[in-house]
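Heads up: the structure comes next, in C-alpha coordinates.
The values are calculated or read from the model by the stated rules, or taken from the named source; none is laboratory data. Quick caveat, the model's predicted, so the values are computed rather than measured. Quick reminder, even Gly has a Cβ in these numbers, built from the backbone with ideal geometry, and neighbours come from all protein chains shown. Keep in mind that these areas ignore ligands, DNA and RNA; they rest on the heavy atoms of the full protein, side chains included. Shrake-Rupley method; radii C 1.70, N 1.55, O 1.52, S 1.80 Å.
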Amino acid sequence: MENHSWSSVIGSSEAPYITTLAHECGTDTDYAVVGSPSLPNYLGATSGSTQGVNDDGDPAAHTFAVDNLFRQVRTAGGSERSFVESMPSNCALVSEDSYATKHNPAAYYVGPGDRAACDADDQPFTQFATILASGNLPTYTSITPNICNDTHDCSVATGDTWLATWVPRILASAAYHSGTTALFIIWDESTPVANVIVAPSLRPGTVSSVPVNHYSLLRTTEEMLGLPLLGRASSATSLRTVFGI
(Lines give C-alpha, C1' and ligand atoms only; values in the text may rest on other atoms or scores of the structure.)
Protein backbone atom coordinates (compact mmCIF):
# COMPACT_ATOMS: atom_id res chain seq x y z
CA MET A 1 0.00 0.00 0.00
CA GLU A 2 1.10 3.61 -0.46
CA ASN A 3 1.86 6.99 1.04
CA HIS A 4 -0.10 7.19 4.28
CA SER A 5 1.03 7.53 7.86
CA TRP A 6 -0.26 5.27 10.62
CA SER A 7 -2.67 7.82 12.07
CA SER A 8 -4.17 8.69 8.68
CA VAL A 9 -5.26 5.07 8.23
CA ILE A 10 -5.60 3.29 11.58
CA GLY A 11 -8.54 4.91 13.32
CA SER A 12 -9.65 6.88 10.26
CA SER A 13 -13.35 6.98 9.44
CA GLU A 14 -12.27 6.18 5.85
CA ALA A 15 -10.72 2.90 6.91
CA PRO A 16 -13.18 0.94 9.07
CA TYR A 17 -12.03 -2.45 7.77
CA ILE A 18 -8.30 -1.79 8.15
CA THR A 19 -8.83 -0.28 11.61
CA THR A 20 -10.82 -3.26 12.82
CA LEU A 21 -8.27 -5.70 11.41
CA ALA A 22 -5.40 -3.82 13.06
CA HIS A 23 -7.12 -3.87 16.45
CA GLU A 24 -8.10 -7.54 16.14
CA CYS A 25 -4.66 -8.63 14.96
CA GLY A 26 -1.56 -6.45 15.28
CA THR A 27 0.06 -3.17 14.30
CA ASP A 28 3.16 -1.13 15.15
CA THR A 29 2.90 2.62 15.72
CA ASP A 30 6.61 3.26 15.10
CA TYR A 31 7.24 1.69 11.69
CA ALA A 32 9.70 3.78 9.65
CA VAL A 33 10.65 4.07 6.00
CA VAL A 34 14.20 3.32 4.84
CA GLY A 35 14.35 5.77 1.92
CA SER A 36 12.37 8.07 -0.33
CA PRO A 37 10.42 8.05 -2.60
CA SER A 38 8.74 4.67 -3.21
CA LEU A 39 11.32 2.55 -5.04
CA PRO A 40 14.08 2.65 -2.39
CA ASN A 41 11.63 1.27 0.16
CA TYR A 42 10.62 -1.62 -2.08
CA LEU A 43 14.28 -2.40 -2.75
CA GLY A 44 15.10 -2.21 0.95
CA ALA A 45 12.27 -4.59 1.82
CA THR A 46 13.47 -7.17 -0.72
CA SER A 47 17.27 -6.81 -0.81
CA GLY A 48 18.31 -5.27 2.51
CA SER A 49 19.52 -2.05 0.90
CA THR A 50 18.10 0.89 -1.01
CA GLN A 51 20.97 0.29 -3.47
CA GLY A 52 21.70 4.02 -3.41
CA VAL A 53 18.46 4.85 -5.22
CA ASN A 54 16.65 8.11 -4.41
CA ASP A 55 14.14 8.25 -7.25
CA ASP A 56 11.39 6.18 -8.85
CA GLY A 57 13.06 5.37 -12.17
CA ASP A 58 11.93 2.36 -14.19
CA PRO A 59 14.27 -0.60 -14.78
CA ALA A 60 15.70 1.23 -17.79
CA ALA A 61 17.36 3.51 -15.24
CA HIS A 62 18.00 0.99 -12.46
CA THR A 63 18.83 -2.70 -12.47
CA PHE A 64 20.61 -4.66 -9.77
CA ALA A 65 22.50 -7.96 -9.84
CA VAL A 66 22.41 -8.17 -6.04
CA ASP A 67 20.93 -11.04 -4.08
CA ASN A 68 17.31 -10.51 -3.18
CA LEU A 69 14.39 -12.16 -1.42
CA PHE A 70 12.89 -13.58 -4.60
CA ARG A 71 16.14 -15.32 -5.58
CA GLN A 72 16.73 -16.48 -2.01
CA VAL A 73 13.42 -18.30 -2.00
CA ARG A 74 14.16 -20.00 -5.33
CA THR A 75 17.70 -20.94 -4.28
CA ALA A 76 16.31 -22.59 -1.15
CA GLY A 77 14.00 -24.72 -3.31
CA GLY A 78 10.85 -22.72 -2.70
CA SER A 79 8.54 -20.86 -5.04
CA GLU A 80 7.90 -17.12 -5.26
CA ARG A 81 5.36 -15.14 -7.15
CA SER A 82 4.33 -11.49 -7.43
CA PHE A 83 0.77 -10.53 -8.34
CA VAL A 84 0.61 -6.94 -9.59
CA GLU A 85 -2.73 -5.30 -10.28
CA SER A 86 -3.21 -3.62 -13.70
CA MET A 87 0.18 -4.81 -14.97
CA PRO A 88 -0.32 -5.33 -18.72
CA SER A 89 1.88 -8.44 -19.00
CA ASN A 90 4.30 -10.52 -16.97
CA CYS A 91 7.25 -8.55 -15.56
CA ALA A 92 6.30 -5.32 -17.35
CA LEU A 93 9.29 -2.95 -17.25
CA VAL A 94 7.47 0.27 -18.10
CA SER A 95 4.71 1.97 -16.12
CA GLU A 96 1.38 2.12 -17.92
CA ASP A 97 -1.99 3.57 -16.88
CA SER A 98 -2.53 2.54 -13.24
CA TYR A 99 0.43 0.11 -13.19
CA ALA A 100 3.56 1.56 -11.57
CA THR A 101 6.80 -0.34 -12.12
CA LYS A 102 8.31 1.42 -9.09
CA HIS A 103 5.99 -0.66 -6.89
CA ASN A 104 7.11 -3.94 -8.48
CA PRO A 105 10.59 -4.71 -7.10
CA ALA A 106 11.05 -8.07 -8.86
CA ALA A 107 11.36 -6.19 -12.17
CA TYR A 108 14.58 -4.49 -11.02
CA TYR A 109 16.71 -7.56 -10.26
CA VAL A 110 18.89 -9.00 -13.02
CA GLY A 111 21.28 -11.35 -11.26
CA PRO A 112 21.50 -15.09 -12.03
CA GLY A 113 18.05 -16.31 -13.02
CA ASP A 114 16.29 -13.14 -11.86
CA ARG A 115 14.93 -11.81 -15.14
CA ALA A 116 13.81 -15.24 -16.37
CA ALA A 117 12.06 -15.81 -13.04
CA CYS A 118 10.44 -12.39 -13.25
CA ASP A 119 9.15 -13.19 -16.73
CA ALA A 120 7.57 -16.38 -15.39
CA ASP A 121 6.54 -15.49 -11.84
CA ASP A 122 5.78 -11.75 -11.85
CA GLN A 123 2.17 -11.87 -13.02
CA PRO A 124 -0.92 -9.68 -13.39
CA PHE A 125 -3.16 -9.79 -10.31
CA THR A 126 -5.91 -11.45 -12.34
CA GLN A 127 -4.05 -14.73 -11.74
CA PHE A 128 -4.17 -14.48 -7.95
CA ALA A 129 -7.73 -15.72 -7.32
CA THR A 130 -7.02 -18.99 -9.10
CA ILE A 131 -3.83 -19.61 -7.13
CA LEU A 132 -5.55 -18.73 -3.85
CA ALA A 133 -8.48 -21.05 -4.56
CA SER A 134 -6.09 -23.89 -5.36
CA GLY A 135 -4.87 -23.91 -1.77
CA ASN A 136 -1.28 -23.91 -2.96
CA LEU A 137 0.15 -20.44 -2.43
CA PRO A 138 3.83 -20.04 -3.30
CA THR A 139 6.39 -20.10 -0.51
CA TYR A 140 6.53 -16.30 -0.76
CA THR A 141 3.80 -14.18 -2.34
CA SER A 142 3.95 -10.44 -3.02
CA ILE A 143 0.72 -8.58 -3.83
CA THR A 144 0.72 -5.04 -5.24
CA PRO A 145 -2.54 -3.17 -5.87
CA ASN A 146 -2.64 -0.60 -8.66
CA ILE A 147 -1.94 3.08 -7.90
CA CYS A 148 -5.58 3.77 -7.14
CA ASN A 149 -6.36 0.80 -4.91
CA ASP A 150 -3.06 1.17 -3.04
CA THR A 151 -4.17 4.69 -1.87
CA HIS A 152 -1.41 6.40 -3.87
CA ASP A 153 -3.70 8.28 -6.26
CA CYS A 154 -7.05 7.49 -4.64
CA SER A 155 -8.50 7.82 -1.17
CA VAL A 156 -7.86 5.78 1.95
CA ALA A 157 -11.49 4.68 1.63
CA THR A 158 -10.73 3.19 -1.80
CA GLY A 159 -7.85 1.18 -0.35
CA ASP A 160 -9.98 0.08 2.57
CA THR A 161 -12.65 -1.24 0.20
CA TRP A 162 -10.03 -3.11 -1.85
CA LEU A 163 -8.53 -4.73 1.23
CA ALA A 164 -12.00 -5.54 2.59
CA THR A 165 -12.61 -7.45 -0.65
CA TRP A 166 -9.39 -9.46 -0.76
CA VAL A 167 -8.12 -9.94 2.79
CA PRO A 168 -11.16 -11.97 3.94
CA ARG A 169 -10.64 -14.25 0.94
CA ILE A 170 -7.02 -14.79 1.96
CA LEU A 171 -7.94 -15.42 5.58
CA ALA A 172 -10.65 -17.88 4.53
CA SER A 173 -8.27 -19.82 2.30
CA ALA A 174 -6.90 -23.28 2.97
CA ALA A 175 -3.40 -21.80 2.90
CA TYR A 176 -4.13 -19.53 5.85
CA HIS A 177 -6.13 -22.14 7.75
CA SER A 178 -3.20 -24.53 7.49
CA GLY A 179 -1.51 -22.34 10.12
CA THR A 180 1.60 -21.73 8.03
CA THR A 181 0.71 -18.40 6.38
CA ALA A 182 1.24 -14.88 7.71
CA LEU A 183 -0.05 -11.70 6.05
CA PHE A 184 1.75 -8.35 6.22
CA ILE A 185 -0.15 -5.29 4.96
CA ILE A 186 2.40 -2.50 4.71
CA TRP A 187 2.36 1.05 3.34
CA ASP A 188 5.62 2.29 1.84
CA GLU A 189 6.08 5.93 2.94
CA SER A 190 5.08 8.63 5.45
CA THR A 191 6.71 7.63 8.72
CA PRO A 192 5.27 6.18 10.86
CA VAL A 193 3.79 4.12 8.04
CA ALA A 194 0.50 2.30 8.37
CA ASN A 195 0.77 -1.46 8.84
CA VAL A 196 -1.29 -4.47 9.86
CA ILE A 197 0.19 -7.83 10.85
CA VAL A 198 -1.97 -10.97 10.62
CA ALA A 199 -0.90 -14.48 11.61
CA PRO A 200 -2.52 -17.47 13.34
CA SER A 201 0.05 -17.37 16.16
CA LEU A 202 -0.06 -13.61 16.71
CA ARG A 203 -1.17 -12.29 20.09
CA PRO A 204 -4.57 -10.75 19.19
CA GLY A 205 -4.83 -7.01 19.62
CA THR A 206 -1.08 -6.37 19.85
CA VAL A 207 -0.25 -2.68 19.42
CA SER A 208 3.52 -2.24 19.50
CA SER A 209 5.58 0.93 19.75
CA VAL A 210 8.90 -0.83 19.17
CA PRO A 211 10.85 0.96 16.39
CA VAL A 212 10.81 -1.19 13.24
CA ASN A 213 11.16 -0.54 9.50
CA HIS A 214 11.13 -2.17 6.06
CA TYR A 215 14.37 -3.99 6.92
CA SER A 216 12.48 -5.51 9.84
CA LEU A 217 9.90 -6.80 7.37
CA LEU A 218 12.65 -8.41 5.29
CA ARG A 219 14.29 -9.96 8.35
CA THR A 220 10.96 -11.36 9.53
CA THR A 221 10.21 -12.89 6.14
CA GLU A 222 13.68 -14.43 5.87
CA GLU A 223 13.51 -15.84 9.40
CA MET A 224 10.09 -17.38 8.82
CA LEU A 225 11.32 -18.99 5.61
CA GLY A 226 14.68 -20.10 7.03
CA LEU A 227 16.73 -17.85 4.76
CA PRO A 228 20.00 -15.95 5.39
CA LEU A 229 19.62 -12.29 6.35
CA LEU A 230 20.42 -9.82 3.58
CA GLY A 231 22.13 -6.49 4.16
CA ARG A 232 20.58 -4.31 6.84
CA ALA A 233 18.02 -6.95 7.71
CA SER A 234 20.75 -8.50 9.85
CA SER A 235 20.67 -5.55 12.28
CA ALA A 236 16.93 -4.81 12.13
CA THR A 237 14.42 -5.70 14.83
CA SER A 238 12.38 -8.75 13.91
CA LEU A 239 8.60 -8.51 13.86
CA ARG A 240 8.52 -12.09 15.09
CA THR A 241 9.76 -10.94 18.47
CA VAL A 242 7.41 -7.96 18.57
CA PHE A 243 4.27 -9.91 17.63
CA GLY A 244 5.06 -13.43 18.77
CA ILE A 245 4.87 -15.00 15.32
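Annotations for the structure displayed:
- Which listed residue, of 81, 74, is within 30 Å of residue 206 (Cβ to Cβ) and either touching a residue at least 40 places away in the same chain (Cβ under 8 Å) or open to solvent by 10 Å² or more (accessible area, probe 1.4 Å) (or both): 81
- Residue in the range 172-179 that is at negative phi and touching a Phe, Trp or Tyr at 6+ places or on another chain (Cβ under 9 Å) present: no
- Unique match (being in a loop (DSSP other than H, G, I, E, B) and open to solvent by 30 Å² or more (accessible area, probe 1.4 Å)) among 161, 180, 165: 180
- Hey, residue 19 open to solvent by less than 50 Å² (accessible area, probe 1.4 Å) and among the hydroxyl-bearing types (Ser, Thr, Tyr) or not: yes
- Restricting attention to the range 36-60, the residues that are in contact with a His (Cβ under 9 Å, 6 or more places away or on another chain) and either on the phi > 0 side of the Ramachandran plot or free of Cβ contacts under 8 Å to residues at least 12 places away in the same chain (or both) add up to 1.
- Checking residue 189 against (1) in a helix (DSSP H, G or I); (2) in contact with a helix residue (DSSP H, G or I) (Cβ under 8 Å, 6 or more places away or on another chain), the condition it does not meet: (1)
- Residue among 147, 143 that is open to solvent by less than 40 Å² (accessible area, probe 1.4 Å) and either of a type outside the set (Ser, Thr, Tyr) or assigned to a strand (DSSP E or B) (or both): 147
- Unique match (being in a helix (DSSP H, G or I), open to solvent by 40 Å² or more (accessible area, probe 1.4 Å) and of a type in the set (Gly, Ala, Ser)) among 129, 116: 116
- Test: residue 27 is open to solvent by less than 50 Å² (accessible area, probe 1.4 Å) and either closer than 15 Å to residue 229 by Cα or without any contact (Cβ under 8 Å) to a residue 12 or more places away in the chain (or both): no
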